[in-house]
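Only the coordinates and a few stated rules stand behind these numbers; no lab work does. This is a predicted model, so every value here is computed, not measured.
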């Protein structure tokens, strides 16, 4: 994701579950007196969820904020044009509409999170076919 969308990264002390939330949301956290919804993208990416508390990256899209649960503090780096891979395959784009592309970071491939799409997916306003 773009660095200018990141508000902060903090260690998770607790997650408060909230009933009837979209499946990607695991609950909420109190961040400096503000309640922030927390998304765990691992199951959507085909990865197992973790029961241990790690960190959350609070990202902003306009006036809205969402926390993304992560295992470790991410690295910050510049993305070069050559690091960008081809567009997401159709099947991947349908099931992971919050990804806008793939990046080659050293020897691994990573998804590029489009924060506006993630917020729209959580709110249920993202047209799955348009993603």
Most fluctuating residue given options 70, 58, 35, as computed from a GNM of the chain linking Cα atoms under 10 Å: 35
Fully extended, how many nm does the chain gain between residue 84 and residue 16 (0.36 nm per residue separation, minus their Cα-Cα distance)? 20.8 nm
